[in-house]
Amino acid sequence: MKTQMSKQKVFISGDEAVALGVRLARPHVISAYPITPQTIVVERLSEMVEDGSLKARYIHVESEHSAMSAAMGASAVGARAFTATSSQGLLYMAEGMHYASGGRMPIVMMNANRSLALPWSIFGDHRDSLSMLDSGWIQVYVEDAQEALDMTIQAFRIAEDAAVLTPFMINLDGFILTHTYEIVDIPDQSKVDSFLPVFKTPNKMSLEKPKSMGFSTSPADNMEFKYQQHKAMLDAKDIIHSVDNKFGEIFGRSYGGMLDSYYCEDADYVLVTAGSVTGTARIAVDNLRSRGIKAGLIKLRYLRPFPDEELRAAAGDVKAIGVLDKDISFGYEGTIFTNVNSALAHLSIRHVSINFIAGLGGRDISIKDIEGIYQDLEEAVTVGKDKSFAKVRYVNMGVEIDG
Amino acid sequence: MLKPEIKNYVTPKHIRDYPTGPSFEAGHLVSINAGWRTFKPVVDINVCTGCYQCYLLCSDGAISKTDNKKIEFDYSFCKGCGVCAHECSFNAISMVKEELAK
Ligand code: SF4
Ligand code: SF4
């Protein structure tokens, strides 16, 4: 990550960083329903609308399903729309999310990653957004408050690109990012205005050119529309790269596009992460490097579209790959692990790859835990030659388990 | 009869010939929607009183008023549900098997 200092620095939470990013992007409509730990985002935005510093219509809805529906209505008349949610609220939006992506409405949403009930929990993991991986939304996972703000601005430009026209979900780890305070650089409004063009869409309701929107198709055409959606998501990769580069030119910060690799060039053991745990993992890598262990790290920034080629390029010739999942797809393994293995399967060499399930329901993941993961990878390479080893492991389980 | 116009549908050759997402200029119907009908409603004009109960109740808007204060069906959109026949107080509508109707 390239950084450059500027004068507008403020000490804010991740939620507040998103709210400031949204204001800079000048949306026309915000429709949202509050839910912990997203609440501060929508509180700040409603204050901004009230004090006039954000010229937008804030729609107070009675549920997340309505929040998504109202955002779609706004997008359908050519308005730039934003919403935010978390966990159960995201699931309550599920029907509308498929509708929005199928209707090619580039709505931007912030999701505060939070565990799913039951057991009830307000703390973080990735089970909410990962369960929506197939909803046709672009998904980015950010590491800190600065990236949260910057990606909020980038999100509108990527989503609204004529080649993409796909809704965009920005994921922030609940509490770890949403509620902790960091120093964040606030970009100039004039620079954001020059970076982010006015939203134009071919799918716009208007009296001059009436459109029939969201029509049904017979089996003769339905598959083509689904393919078209898929193609737009794949094409988004190039746009993601070019928008990130352009952002870097203007604001002095860029994030590596689809993924960010740390010490991977000569690494023997690479850990794959998403979201805020990457910050902890960077420290673990620094510690291991100082002890002469060739540890590397890959932060998957985007999970849809999936950075398969980038992953193969970054981790092509390492000895072992670990994937840290704040998720279990019950009855199989962590979802990110499945996706990573599928990308690596296209390589001629077979990697030792191990899934580390961690941090469910807000369970802490320490630097020591991550150093332990690298140790596991190292052992698996030595032991794995003549003995089978557990492919899926659980970090920081409080009790003993069989197998 | 008030009836949407069917416009010619050119089957796209390439994926880029499709509209971006399921939206297109309004009033552009590309196909009739009556392929699944088994029975079609047939009105006996001599029995019909022009009360327009069927006209009001047809869920597809497939019934029109005629100049002589009777009704007619738009068979391109009638789905054959039989609601009109059921609701007509004068038994002026009968549901006839599609292949037996002329
Ligand atoms: S309900 Fe029967 S009588 Fe009345 S208009 Fe319809 S067909 Fe004629
Ligand atoms: S059969 Fe049903 S759809 Fe057809 S004209 Fe009668 S009420 Fe309308």
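For every residue, the table says whether it meets (1) in contact (Cβ under 8 Å) with a residue 24 or more places away in the chain; (2) out of contact with any Lys or Arg (no Cβ under 7 Å at 6 or more places or on another chain).
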{"position": "A:Gln38", "(1), (2)": "yes, yes"}
{"position": "A:Leu45", "(1), (2)": "yes, yes"}
{"position": "A:Gly52", "(1), (2)": "no, yes"}
{"position": "A:Val77", "(1), (2)": "yes, no"}
{"position": "A:Ser86", "(1), (2)": "yes, no"}
{"position": "A:Tyr99", "(1), (2)": "yes, yes"}
{"position": "A:Ala112", "(1), (2)": "yes, yes"}
{"position": "A:Ser115", "(1), (2)": "yes, no"}
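When the stretch B:65-78 is limited to residues that are in a loop (DSSP other than H, G, I, E, B) and either within 14 Å of chain A (Cβ to nearest Cβ) or of a type in the set (Phe, Trp, Tyr) (or both), the one that is farthest from ligand 1 (Cβ to nearest atom) turns out to be B:Phe77. Candidates A:Val61, A:Val77, A:Val49: the one that is surrounded by fewer than 18 Cβ atoms within 10 Å (Cβ to Cβ) and within 14 Å of chain B (Cβ to nearest Cβ) is A:Val77.
Being more than 8 Å from every other protein chain (Cβ to nearest Cβ), within 24 Å of A:Ala74 (Cα to Cα), not aliphatic (A, V, I, L, M) and not in a helix (DSSP H, G or I): is that true of A:Lys200 here? So that I can check it myself, show each step before the final result.
Working: more than 8 Å from every other protein chain (Cβ to nearest Cβ): yes; within 24 Å of A:Ala74 (Cα to Cα): yes; not aliphatic (A, V, I, L, M): yes; not in a helix (DSSP H, G or I): yes.
Yes; evaluated as a whole, the condition is true for this residue.
Within the stretch A:358-377, residues that are assigned to a loop (DSSP other than H, G, I, E, B) reach partners that are hydrophobic (A, V, I, L, M, F, W, C) and modelled with pLDDT under 95 with beta carbons closer than 9 Å, at six or more positions or on different chains, in the pairs A:Arg363/A:Met397. Counting only helices (runs of 4 or more DSSP H) that sit wholly inside the stretch A:1-109, those with at least 2 residues that are among the small types (Gly, Ala, Ser) are A:14-24, A:64-76, A:87-92, A:94-102. Scanning the stretch B:49-64 for residues that are more than 6 Å from ligand 1 (Cβ to nearest atom), crowded, with 16+ Cβ neighbours inside 10 Å and touching a residue at least 24 places away in the same chain (Cβ under 8 Å) yields one hit, B:Cys58.
Considering only the stretch A:161-179, how many residues are among the charged types (D, E, K, R) and buried (at least 24 other Cβ atoms within 10 Å of the Cβ)? Talk me through it step by step, then tell me what you get.
So in the stretch A:161-179, the residues among the charged types (D, E, K, R) come out as A:161, A:173.
Now restrict to residues that are buried (at least 24 other Cβ atoms within 10 Å of the Cβ): A:173.
Result for the stretch A:161-179: 1.
If you go through the stretch B:4-46 and keep only what is within 16 Å of ligand 1 (Cβ to nearest atom), β-branched (Val, Ile, Thr) and either in a loop (DSSP other than H, G, I, E, B) or within 7 Å of chain A (Cβ to nearest Cβ) (or both), you end up with just B:Ile45. Every listed requirement among (1) exposed (fewer than 15 other Cβ atoms within 10 Å of the Cβ); (2) of a type outside the set (Lys, Arg); (3) away from ligand 2 (no atom under 12 Å from the Cβ); (4) free of Cβ contacts under 8 Å to residues at least 12 places away in the same chain is met by B:Phe90 save one, (4). Once the stretch A:216-230 is narrowed to residues that are over 31 Å from the mean Cα position of the chain (by Cα) and within 8 Å of chain B (Cβ to nearest Cβ), the residue that is nearest to B:Gly35 (Cα to Cα) is A:Ser218.
Restricting A:Asp144, A:Asp134 to residues that are closer than 24 Å to A:Ser13 by Cα and surrounded by fewer than 24 Cβ atoms within 10 Å (Cβ to Cβ) narrows the list to A:Asp144. The set of residues in the stretch A:286-308 being touching a helix residue (DSSP H, G or I) at 6+ places or on another chain (Cβ under 8 Å), free of Cβ contacts under 8 Å to residues at least 40 places away in the same chain and outside any loop (DSSP other than H, G, I, E, B) consists of A:Gly296, A:Leu297, A:Ile298, A:Asp308.
The values are calculated or read from the model by the stated rules, or taken from the named source; none is laboratory data. Keep in mind that what you see is a predicted model, and the values were worked out from it rather than measured. Quick reminder, even Gly has a Cβ in these numbers, built from the backbone with ideal geometry, and neighbours come from all protein chains shown.
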